[in-house]
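Please read the structure below before turning to the comments.
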Amino acid sequence: MRRVLVLGGTAEARELARMLHEDPRFGVLSSLAGRVADPRLPVGETRIGGFGGPSGLAAFLREDHVDVLVDATHPFAATISRNAALAAATAEVPLLALVRPPWEPEAGDRWTRVPTVAAAARALARRGGGRALLTTGRQDVHEFATLDDWWFLIRVVDAPEGVLPSRHTVIRGRGPYTRTSERDLLREHAIDVLVTKNSGGDLVSAKLSVARELGVDVVMVDRPERPPVPAVTTAAAAYADLVARL
């Protein structure tokens, strides 16, 4: 039996865990960072919490006799991806990245691409003021706290952290979202600008097509760089790769 550690938290990670759990040739352990209060758990064995940096993860790989490490974390989980690459090299364990493709602009899109959430806040500041739907996650809301000319509809899974903008409404939600619900949301709140990270995938992509339809501008935060490791884009491709290693 091959022991596979999946660094998860994404839909692709849960799908891969299911495939491996159903295959008696594999023993799968899914690890979640624990940043979401009520995470969607994969089937099979699960652990929640960090490892203590790359050295801690390398020690875990050895002690748990892991044969293959799969980094299927969120595209913006840059720290854990770097730690995974360092730990896998230290422990001499093969590493495979499972990364969904990013969104790409289509005809009619009105995107402004920026490298960071802080840069997204600066892009809004240059516009003067308006009404924005903010979907960059609870840990980054403080970047917009000084934009008093803006009103923000802040959509998060868990309550946002830090100082919030002076004019805002917080709504709690988790995808998938439909085009109808996203259209109603943007119209009800008269949204001028959508601010989002390029997480990719279908789970929350309806907001982009609705923004295109309604002529809403999009400030798109590009993904951070990932370590140069072997990578696939779907759970099925990751499963096929692991089977080929048998």
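Please enumerate the residues belonging to the range 1-36 that are under 16 Å from the mean Cα position of the chain (by Cα), surrounded by fewer than 16 Cβ atoms within 10 Å (Cβ to Cβ) and more than 19 Å from Leu203 (Cα to Cα).
Scanning the range 1-36 gives a single hit, Gly34.
Exactly one of these conditions fails for Arg226: (1) at pLDDT 95 or above; (2) within 23 Å of Asn83 (Cα to Cα); (3) under 16 Å from the mean Cα position of the chain (by Cα). Give me its number.
Looking at each condition in turn, Arg226 falls short on (1).
Kindly state which strands (runs of 3 or more DSSP E) lie completely within the range 122-174 and contain at least 2 residues that are without any contact (Cβ under 8 Å) to a residue 60 or more places away in the chain and open to solvent by 20 Å² or more (accessible area, probe 1.4 Å).
Once the strands (runs of 3 or more DSSP E) in the range 122-174 are filtered for at least 2 residues that are without any contact (Cβ under 8 Å) to a residue 60 or more places away in the chain and open to solvent by 20 Å² or more (accessible area, probe 1.4 Å), what remains is 150-156, 168-172.
Open to solvent by 60 Å² or more (accessible area, probe 1.4 Å) and either closer than 16 Å to Glu104 by Cβ or assigned to a helix (DSSP H, G or I) (or both), is that true of Thr180?
Yes; evaluated as a whole, the condition is true for this residue.
Checking the condition closer than 30 Å to Thr233 by Cβ and over 17 Å from the mean Cα position of the chain (by Cα), which residue from Leu214, Leu153, Leu134 passes?
Numbers: Leu153 fails: closer than 30 Å to Thr233 by Cβ; Leu134 fails: over 17 Å from the mean Cα position of the chain (by Cα).
Of the residues listed, the single one that is closer than 30 Å to Thr233 by Cβ and over 17 Å from the mean Cα position of the chain (by Cα) is Leu214.
If I ask for residues that are within 21 Å of Arg113 (Cβ to Cβ) and not hydrophobic (A, V, I, L, M, F, W, C), which ones from the range 183-201 would you list?
Asp192, Thr196, Lys197, Asn198, Ser199, Gly200, Gly201
Please go through the range 85-119 and give me each residue that is in a helix (DSSP H, G or I), open to solvent by less than 30 Å² (accessible area, probe 1.4 Å) and either farther than 30 Å from Phe144 by Cβ or among the aromatic types (Phe, Trp, Tyr) (or both), ordered by number.
Selection gives Ala85, Ala87, Ala88, Ala91.
Tell me which residues, restricted to the range 52-74, are surrounded by fewer than 20 Cβ atoms within 10 Å (Cβ to Cβ), within 22 Å of the chain's Cα centre (by Cα) and in a loop (DSSP other than H, G, I, E, B).
Within the range 52-74, just Gly52 meets the criteria.
Of all residues in the range 232-246 being surrounded by fewer than 19 Cβ atoms within 10 Å (Cβ to Cβ) and under 20 Å from the mean Cα position of the chain (by Cα), which is farthest from Ala97 (Cα to Cα)? Reasoning before the result, please.
Keep residues of the range 232-246 that are surrounded by fewer than 19 Cβ atoms within 10 Å (Cβ to Cβ), which gives 233-234, 236-237, 240-241, 243-246.
Those left that are additionally under 20 Å from the mean Cα position of the chain (by Cα): 233-234, 236-237.
Numbers: Thr233: 8, Thr234: 10, Ala236: 13, Ala237: 11 Å.
Filtering first and then ranking leaves Ala236.
Just give me the residues in the range 202-231 being touching a strand residue (DSSP E or B) at 6+ places or on another chain (Cβ under 6 Å), part of a helix (DSSP H, G or I) and open to solvent by 30 Å² or more (accessible area, probe 1.4 Å), in sequence order.
Once the filter is applied, which keeps residues that are touching a strand residue (DSSP E or B) at 6+ places or on another chain (Cβ under 6 Å), part of a helix (DSSP H, G or I) and open to solvent by 30 Å² or more (accessible area, probe 1.4 Å), the range 202-231 yields nothing.
Could you list, in sequence order, the residues of the range 109-146 that are of a type in the set (A, V, I, L, M) and within 22 Å of Arg187 (Cβ to Cβ)?
Step one: of the range 109-146, the residues of a type in the set (A, V, I, L, M) are 114, 117-121, 123-125, 132-134, 141, 145.
Listed by number, the residues that qualify are Leu124, Ala132, Leu133, Leu134.
The values are calculated or read from the model by the stated rules, or taken from the named source; none is laboratory data. Please read these numbers as outputs of a predicted model, since none were measured by experiment. Note that we place each Cβ from the backbone using ideal geometry, even for glycine, and neighbour counts take in every protein chain shown. In case anyone asks, the SASA skips ligands and DNA or RNA and just uses the protein heavy atoms, side chains included. Shrake-Rupley method; radii C 1.70, N 1.55, O 1.52, S 1.80 Å.
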